[in-house]
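Report on the following structure.
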Amino acid sequence: MEDSPLSRRRLLWGAAGAAGTALTAAGLSRLMGPEEEVKAALPRPVRKAPPVAPAGPTTAVRQESPLDYPSAIWVEACESNYTPSDRPESYPIEYVVVHLTTDTFPIMLATFKDPAERVSAHYVISANGTRIAQCVRERDVAWHSGNVWYNHRSIGIEHEGWIDQPVYTDQMYEASAVLTATICAKYDVPVDRDHILGHVEVPLSTHEDPGDVWNWDKYMKLTETARRRIKT
């Protein structure tokens with residue numbers, strides 16, 4: 001076969017490839033200095049993920065209970081039905097006002113949740129005295145007495161019942177008296193008829209509750225007894 005230029009070129013490439021294959025570690029050492037040779041011989045470092053600190057114990061976030069009276073359940077009134085405040089810093093609490101719902105316990109709670117009603121009380125007590133609902137924080141101003149000045153300075157307590165159909169039970173009186181005594185002890189309210197009022201006794205009031213059948217003598221004696229038992 002004729003020795004063409006392409007054949008001669010392939011022979012030269014083959015010779016160069018053979019020479020490159022013959023370049024051993026000894027040949028590399030001649031091309032690199034001592035420091036580079038050592039580095040080339042070392043294995044490449046493997047990148048590791050940064051250590052993760054072990055997770056500590058989970059700390060639960062404690063939320064402040066809205067209840068001011070532990071025996072109550074929290075049934076919050078609509079924000080449109082009371083005034084947020086920081087009593088007694090903003091206004092002193094000087095009175096407890098006794099109300100009558102003229103409706104059932106659950107309907108009264110629903111009324112306080114209705115933004116169209118524009119009314120609320122701090123507490124509602126069922127006729128049998130077994131259920132007490134807190135609907136407004138004591139620090140906030142409930143709209144219960146029909147008198148802005150008294151609202152800002154009082155705690156309002158509703159009692160399930162009707163003026164023409166009174167259902168005031170011994171259990172209701174006792175439950176309410178302990179609640180009122182606790183409020184009086186907390187805010188240093190005197191346990192007397194000048195500071196524990198019926199809704200009808202609030203100036204400018206247009207209501208008649210708790211009515212003539214509410215036994216004030218019984219209620220005040222129960223409240224005084226409960227107040228003596230409470231440590232201040």
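Below is a table of values for the structure above.
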{"quantity": "Residue within the range 145-163 that is in contact with a strand residue (DSSP E or B) (Cβ under 9 Å, 6 or more places away or on another chain), among the hydroxyl-bearing types (Ser, Thr, Tyr) and more than 22 Å from ARG118 (Cβ to Cβ) present", "calculated": "no"}
{"quantity": "Subset of the range 179-204 that is closer than 18 Å to PRO88 by Cβ and of a type in the set (D, E, K, R) - its residue that is surrounded by the fewest Cβ atoms within 10 Å (Cβ to Cβ)", "calculated": "ASP188"}
{"quantity": "Top-ranked residue of the range 91-113 - restricted to ones that are part of a loop (DSSP other than H, G, I, E, B) and touching a residue at least 60 places away in the same chain (Cβ under 8 Å), ranked as farthest from the chain's Cα centre (by Cα)", "calculated": "THR102"}
{"quantity": "Candidates ALA133, ALA127, ALA121, ALA116 - the one that is assigned to a loop (DSSP other than H, G, I, E, B), of a type in the set (A, V, I, L, M) and under 21 Å from the mean Cα position of the chain (by Cα)", "calculated": "ALA121"}
{"quantity": "Residue count, the range 136-176 (criterion: surrounded by fewer than 16 Cβ atoms within 10 Å (Cβ to Cβ), assigned to a helix (DSSP H, G or I) and not charged (D, E, K, R))", "calculated": "3"}
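All of the numbers you see were taken from the coordinates with simple rules; none came from a lab. Note that the coordinates shown come from a computational prediction; the quantities given were computed from them, not determined experimentally. Note that each Cβ is placed from the backbone with ideal geometry, even for glycine, and that neighbours are counted across all protein chains shown.
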